[in-house]
Structures are given as structure tokens and as C-alpha cells.
């Protein structure tokens with residue numbers, strides 16, 4: 001069953017902090033307040049374009065939903081709840097801050113049929129949180145996550161790589177702490193310098209340097225492997241492209257790429273191919289049989305992986321289309337062949353990246 005989310009943006013409304021990286025108007029493209037009628041109109045409009053047998057969710061994004069006046073929360077949620085009660089919508093999800101969760105709020109969310117809560121955590125390193133003016137602590141994240149799961153909601157956690165004071169080690173630390181909290185899913189965002197933010201001011205004063213794209217790839221690939229090994233679904237890597245979200249428009253600097261996840265996953269395959277070559281002393285050719293959906297990821301954009309391997313090892317990589325599962329490949333080299341599951345690929349890289 002296809003999953004479809006009806007997004008309703010509640011930009012910045014109720015948010016008690018202006019984080020150093022944030023300009024919600026730029027990120028969402030919306031600056032007006034949302035009313036119950038807006039919610040109804042948006043849902044009805046989306047429903048005309050969604051197949052009847054789809055799994056439909058209504059998502060309240062873009063701000064700190066549970067920091068809004070409680071009566072406004074109830075008003076907006078009650079509209080979405082009507083569609084749940086009619087059996088049209090299956091889930092209601094929202095995003096909020098870790099310090100805007102308590103038993104009273106969760107009781108109201110439960111009564112209004114909310115099922116999924118995402119926390120904008122960004123980091124669990126206290127120095128990074130302070131430099132980013134997040135206004136919450138790592139303890140807030142831990143306590144609110146546990147409370148959300150205690151009430152029976154599905155938990156989602158969002159993290160950012162490259163905030164002020166951040167390092168690869170701190171990113172990995174945050175991911176490992178996420179694993180302990182056992183969320184149903186995670187989102188990973190690279191830190192971008194957006195116009196009209198405190199981060200842009202620091203950047204212009206040469207007090208902040210964003211991660212470049214190569215460093216971001218090297219970090220995010222390890223985060224993906226870490227979450228995969230621990231059975232945590234990463235539902236997004238990078239901001240979704242919009243008319244405004246691109247370098248030179250509202251993004252001043254930073255590791256933006258519209259296909260960041262594909263690049264990272266391609267790098268993971270390249271690392272595995274390189275590891276296999278070194279482990280098995282492959283000299284001339286390596287054949288990879290795979291589902292056609294994997295081919296572009298394995299060979300890389302404009303055959304970047306194949307070119308990299310040949311230039312470094314003089315080994316030719318041939319990728320062949322087969323009817324294999326997308327979660328498995330077959331490698332052929334030195335007159336031997338073996339089938340490797342995606343799980344084993346990630347397991348090998350987990351130890352190679354020293355994530356244990």
C-alpha cells in the first residue's frame with residue numbers, strides 16, 4: 001500500500017526559540033498562520049489527487065506544534081481527526097521540540113488521534129546545542145522520547161550534521177544515542193546557511209564554516225550504516241528541493257545537493273567494492289550482478305565509482321542486470337562468485353568504519 005502524506009505547514013508558530021540555523025519562512029515557503037479552515041481545504045485538495053487505497057497521513061510540519069496555544073492545537077487537530085474517524089486518514093503526525101512535551105500535551109494528542117511525533121533534536125552534544133541556541137538540553141530529548149514511547153506514539157528523531165561546534169565524532173555520538181532511544185525512524189539533515197539567520201551572520205563574519213559536500217558524505221554514510229545495522233529506518237537525508245531551496249537563492253552556503261542520499265548510498269557501495277578488492281587481492285575484473293534498481297547507485301553518477309576503482313586499482317567493474325532481490329548482489333572475481341545480502345554489506349562496513 002502506497003503511503004501518502006498531506007503536509008500542513010505551521011511555520012514558526014509557537015516556537016519559543018530562534019535557533020541559529022533557522023528561518024522557517026525560507027524553509028517552508030509559507031509565512032501565514034494556519035486556521036482550521038486552511039487545514040480542511042488542504043486535506044480536501046490533496047484527497048482529490050490521492051488513490052483511494054493509499055495509506056494517507058496528515059502531517060503538521062514546519063514549527064513547534066506543541067508549543068502553540070493549546071486551544072489552537074485542539075482546533076487544528078480536530079479537523080484531521082474527523083478524517084481519521086471517517087476512515088479516510090490512517091495517521092496524524094506532527095513535529096515539535098523536545099522541551100515542549102509533557103503528559104498533559106500527550107493526553108490531548110492521544111485524544112485527537114495523533115499517532116506519530118517527530119522531535120527536532122539536531123544534536124545530543126551539549127556544546128553543539130548551546131552554540132546553535134537550541135534552548136533545550138540532551139536530558140530534554142531523552143525524557144521526552146521515553147515519554148512519547150510510554151504513551152504509545154511512534155517516535156521520530158531528526159538530527160543535523162555540521163552545526164556550530166560539530167564534528168564527525170559528535171555526529172556519530174548523537175546517532176548512537178538515538179539508537180538507545182529506539183525511534184521508529186530518523187531524518188538526517190546537513191546544516192545549510194540560510195539567508196536571514198544567525199548562522200548567516202556568523203558565516204559572513206568568518207566565525208562559522210559549514211561542512212563541505214565531501215565531509216558530509218563521509219559522515220552521513222557512517223550514520224546510515226549505523227542506523228541500518230540497528231534496524232532504524234532513515235526516511236530522509238537532506239532537504240527536499242523546492243523553488244527556493246537551492247544554492248544561490250535562499251541557501252548562502254553549505255553541502256546542499258538535491259540527490260544527497262543517492263550520492264551517500266553510492267559511496268557506501270564504493271567502499272564495499274574497495275574493501276572486497278583489498279580483501280581478495282582482485283587484480284583485473286570484478287562483476288557485480290544486481291537488480292536494475294541498484295545499477296546507477298553501484299556505478300555512481302556518470303560512472304564515478306567505476307572510474308574511481310579503475311584509476312586506483314586498475315580493476316574493471318562490470319555491473320550486470322539480473323532478477324535478483326534489490327537487497328542482494330552477486331560478486332564474481334578470481335573465478336569465484338558469492339551472493340551478498342545488503343545486511344552483510346552494511347555489517348562489513350560497520351566494522352570497517354569502526355562504529356562498534
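The values are calculated or read from the model by the stated rules, or taken from the named source; none is laboratory data. Note that the structure is a prediction, hence the values are computed from the model and not measured. Here Cβ is always computed from backbone atoms with ideal geometry, including for glycine, and neighbour counts include all displayed protein chains.
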| note | Screening 167, 191 for residues that are at pLDDT below 95 and over 27 Å from residue 92 (Cα atoms) leaves only 191
| Residue tally, condition surrounded by fewer than 24 Cβ atoms within 10 Å (Cβ to Cβ) and on the phi > 0 side of the Ramachandran plot, over region 157-199 | 3
| query | Does region 129-141 hold any residues that are under 25 Å from residue 239 (Cα atoms) and either surrounded by fewer than 16 Cβ atoms within 10 Å (Cβ to Cβ) or in contact with a strand residue (DSSP E or B) (Cβ under 8 Å, 6 or more places away or on another chain) (or both), and which are they? | reply | 129, 130, 132, 133, 134, 137, 141
| Hits in region 297-335 - residues which are closer than 20 Å to residue 259 by Cα and touching a helix residue (DSSP H, G or I) at 6+ places or on another chain (Cβ under 8 Å) | 297, 298, 299, 300, 301, 304, 305, 306, 308, 326
| Condition met for residue 252 (in a strand (DSSP E or B), touching a strand residue (DSSP E or B) at 6+ places or on another chain (Cβ under 6 Å) and modelled with pLDDT under 95) | yes
